[in-house]
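Structure first, commentary second.
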Amino acid sequence: MTTTADDPNAGLNARRSFLARSRDFALELWRVLTRPSSVFALGTLVLAGFVAGVIFWGGFNTALELTNTEKFCTGCHEMKDNVYAELKSTVHFTNRSGVRATCPDCHVPHNWTDKIARKMQASKEVWGKIFGTIDTREKFQDHRLELAAHEWARFKANDSLECRNCHSADSMDVTKQSPRASVAHQRFLFTKEKTCIDCHKGIAHQLPDMRGVPGWQ
Amino acid sequence: MMKRSAIILLAFAIAAGTSSLTAQTVTSGLRGPTPLNDEGPAPPMLPNRNTSEKEVRNYPEQPPVIPHTIDGYQVDLNGNKCLSCHARARTAESQAPMVSITHFMDRDGQFLASVSPRRFFCTECHVPQSTATPPVSNDFIDIDTLLSRATPGGRR
């Protein structure tokens, strides 16, 4: 007799039947979803939906916040051995008042929409991690200008928002600053002629090759 | 009797001598009262001078000192933070003194278009100044003072 193994179309049939079964399952699911419930009260459904929503939303935000910690960022050796190691000797890591900036303070926008947009862009970084784009110091150095240019462009576009989350121009007392800083801030910052990143590149990490970058020799 | 009292006297003298030696701490102006075989507490670090006011040079060839802090300024193959203000093209905006023309000279005395590589690393010659009081005073006398002493009727 003809068995499925002998039939040259057996594979095709099996696939067709799988497709058909999937379609039937989807249709059945759609019917269940669109049919009014005959078992649960409307109140139960609304309440269950509400609770499920709270759990989903809370879980989503908790998971998102977990990826917004220095511990998470420095979990990869690319960050720990390069940018984090460089941050340690700067004023944003140790200083007289003990207030310090962690990775997300500068690199993740604080308001929700921008944060989600940045997190979506960060999927490129997951790609880079998987394929080892910067998994050695040499590869990191090779990519440093490109990576830095992305951050400079982001800071320039949002008027150094992440700097200003802590360093407000309105709260800046120029009489407490050194003469040099006082003059420069009054001439360029208060007049909005320049934004923080224009002068303060390399404040937290080492600089890439700066040839051709405006303001650098 | 005479001999015995002499021995006692000698013993007292030796005892007094050794005790005075052990009790005495060698006080040096630089290391303070710490005994020679101990390491004393480190003096506190003092901030750098940050007035941004030009300081007088002690002799014409002296590289001017840096009258401001330069903490975290990167000066290496990748970039030179000092030149962000002191380069020729940047001085209008920064109002900082331009690096002198001698920095554009190569070792044959030829002027290059920009700062010569051998004069690129600023802190080889130019240094910021600490606010600490020097533990040893300096009696350097500059040439103008010496010349005024040498002139007839000058203050000696």
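Farthest toward the positive end of the dipole of chain A, out of A:S171, A:G202, A:L64, is the Cα of A:S171, where the dipole comes from beta carbon charges about the Cα centre. Charged neighbours of A:D81, selected by a Cβ distance under 13 Å, balance to 0 (K, R count +1; D, E count -1). Under a 5 Å amide H cut-off, with hydrogens placed 1.01 Å from N, B:N80 pairs with A:Q217 among residues at least 5 apart or on other chains. Toward the positive end of the charge dipole of chain A, with +1 on the Cβ of Lys and Arg and -1 on the Cβ of Asp and Glu, the farthest Cα among A:L27, A:V108, A:S182 is that of A:S182. Binning the alpha carbon pair distances of the protein assembly as shown at 20 angstrom intervals from zero yields the distribution 16, 34, 24, 15, 8, 2, 1, 0, expressed in whole percent. For the listed residue pairs A:K139/A:K201; A:K115/B:K81; A:K71/A:K115, the alpha carbons are over 25 angstrom apart in A:K115/B:K81. Residues of the stretch A:189-217 whose accessible area (probe 1.4 Å, heavy atoms of protein chains only) drops by at least 40 Å² once all protein chains are present, relative to their chain alone: A:L207, A:G215, A:W216, A:Q217.
Hey, got the dipole for the stretch A:62-171? About the Cα centre, +1 on K and R Cβ, -1 on D and E Cβ, debye to the nearest 20? Mind showing how you got there, number by number?
On the way: 16 positive and 16 negative charges, 26 e Å.
The dipole magnitude comes to about 120 debye.
Once B and A are treated as a pair rather than alone, how much accessible area drops out, both sides summed, in Å² to 100, probe 1.4 Å? The summed interface area works out to 1400 Å².
Tell me the angle of helix A:137-157 to the major Cα principal axis of chain A, expressed in degrees between 0 and 90 and rounded to the nearest ten. Roughly 80 degrees between the two axes.
Magnitude of the charge dipole for the protein assembly as shown, about its Cα centre and with charges confined to Cβ atoms of Lys, Arg (+1) and Asp, Glu (-1), is about 460 debye. Highest mobility in the GNM of chain A, judged by mean-square fluctuation with C-alpha springs under 10 Å and restricted to A:D170, A:D198, A:D114, is found for A:D170.
Per-residue ellipticity at 222 nm from helix content only, as computed over chain A with -39500 (n - 2.57) for each DSSP H run of at least four residues, stands at -15500 deg cm²/dmol.
Let me know the Kirkwood hydrodynamic radius for the stretch A:62-171, please, with Cα pairs as the basis and the value in Å to one decimal. Let's see the in-between values first.
On the way: mean 1/r = 0.0657 Å⁻¹.
Its Kirkwood hydrodynamic radius stands at 15.2 Å.
For B:M105, the residues whose modelled amide H falls within less than 5 Å of its own, excluding neighbours fewer than 5 places apart on the same chain, are B:L112, B:S116.
So, for the protein assembly as shown, what is the accessible surface per residue at a probe of 1.4 Å, expressed in square angstrom?
On the way: 27840 Å² over 373 residues.
Solvent-accessible surface per residue comes out at 75 Å².
To put it simply, the accessible area of the stretch B:78-156 at a 1.4 Å probe is 56 percent carbon and sulfur.
Residue order by solvent-accessible surface for A:T74, A:T62, B:T51 is A:T62, B:T51, A:T74, largest first, with ligands and nucleic acids left out and a 1.4 Å probe.
Each residue of the stretch A:100-108 was assigned a 3J(HN,Hα) from its phi angle through the Karplus expression (A = 6.51, B = -1.76, C = 1.60, θ = phi - 60°), giving 10, 9, 9, 3, x, 4, 9, 9, 10 Hz with x at Gly and Pro.
Interface burial in the stretch B:61-79 reaches 40 Å² or more for B:Q74, B:N78, comparing the full protein assembly with the chain by itself; accessible area from heavy atoms with a 1.4 Å probe.
To put it simply, the accessible area of the stretch A:1-152 at a 1.4 Å probe is 67 percent carbon and sulfur.
The values are calculated or read from the model by the stated rules, or taken from the named source; none is laboratory data. Note that the coordinates shown come from a computational prediction; the quantities given were computed from them, not determined experimentally. Positions of Cβ are backbone-derived with ideal geometry, glycine not excepted, and every protein chain shown enters the neighbour counts. For the accessible areas, the whole protein counts, side chains as well, though only heavy atoms, and no ligand, DNA or RNA atoms are used. Shrake-Rupley method; radii C 1.70, N 1.55, O 1.52, S 1.80 Å.
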